[in-house]
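Since the structure comes first, as structure tokens, the remarks are kept for the end.
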Amino acid sequence: MEYFPRCLPRDESEAWVSRTQVAMAERGWGLWAVEVRGVVPFIGFVGLSVPMFTAHFTPCVEIGWRIAKEFWGHGYATEAAIASLHFGFEKLRLQQIVSFTASLNERSIGVMQRIGMTHNCADDFDHPSLPAGHRLQRHVLYRMQRSDWERL
Ligand SMILES: CC(C)(COP(=O)(O)OP(=O)(O)OC[C@H]1O[C@@H](n2cnc3c(N)ncnc32)[C@H](O)[C@@H]1OP(=O)(O)O)[C@@H](O)C(=O)NCCC(=O)NCCS
């Protein structure tokens, strides 16, 4: 949670899980649980969501990830992210999927780059939920258009 404004206490974390499950039930897609088949049933989540804040690129569908630290460095986020892009472009027929994170979050940016998303500095933005001057306020935005996906 280094690149999030704060760690959620247990009750807020569980409330977040419940909201995520409701969103999944309503839409039929969302932030999927990631399993390492035959090894660990749950190491985190990767999937698609709709950001609740307003920015120059919203409304949009975002791809995001959060994997338990002991499972970093195996390519699991990248593999699950490609599966999520496949779902978004092939099943949902989206025209674009974005991803964003604090500009300090190099590991997350690494996933965006590995899955073939592209970055334009002109898209970078200050997250509207964070106060001016907060160390995490500056965010990068990466995009993948349907045409990019079709070329992969
Ligand atoms: C962002 C996050 C998911 C990245 O995890 P990760 O393990 O670095 O990412 P990947 O799953 O793509 O794995 C890439 C690493 O696995 C290695 N790897 C091994 N096999 C691989 C394969 N088959 N394919 C791709 N990478 C592979 C890569 O070389 C890379 O190693 P490196 O870290 O030494 O460069 C993780 O840091 C995280 O959960 N962070 C906390 C939550 C967070 O910040 N989320 C984003 C907020 S917006």
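The values are calculated or read from the model by the stated rules, or taken from the named source; none is laboratory data. All of these numbers come straight from a predicted model, not from anything done at the bench. All Cβ positions, glycine included, derive from the backbone under ideal geometry; neighbour counts span all protein chains shown.
Note on segment 85-135: residues that are within 16 Å of the ligand (Cβ to nearest atom) and in contact with a helix residue (DSSP H, G or I) (Cβ under 7 Å, 6 or more places away or on another chain) amount to 8. Touching a residue at least 12 places away in the same chain (Cβ under 8 Å) and either within 25 Å of residue 16 (Cα to Cα) or basic (Lys, Arg) (or both): does that describe residue 89? It is false that residue 89 is touching a residue at least 12 places away in the same chain (Cβ under 8 Å) and either within 25 Å of residue 16 (Cα to Cα) or basic (Lys, Arg) (or both).
Considering segment 39-152, the qualifying strands (runs of 3 or more DSSP E), each wholly inside and each with 1 or more residues that are touching a Ser or Thr at 6+ places or on another chain (Cβ under 6 Å) and of a type in the set (A, V, I, L, M, F, W, C), run over 40-49, 62-67, 138-145.
Say whether the condition of being crowded, with 19+ Cβ neighbours inside 10 Å, within 12 Å of the chain's Cα centre (by Cα) and of a type in the set (A, V, I, L, M, F, W, C) is met by at least one residue in segment 134-141. Checking segment 134-141: at least one residue is crowded, with 19+ Cβ neighbours inside 10 Å, within 12 Å of the chain's Cα centre (by Cα) and of a type in the set (A, V, I, L, M, F, W, C).
Any chance segment 63-84 includes a residue that's away from the ligand (no atom under 14 Å from the Cβ) and at pLDDT 95 or above? For segment 63-84, residues away from the ligand (no atom under 14 Å from the Cβ) and at pLDDT 95 or above: absent.
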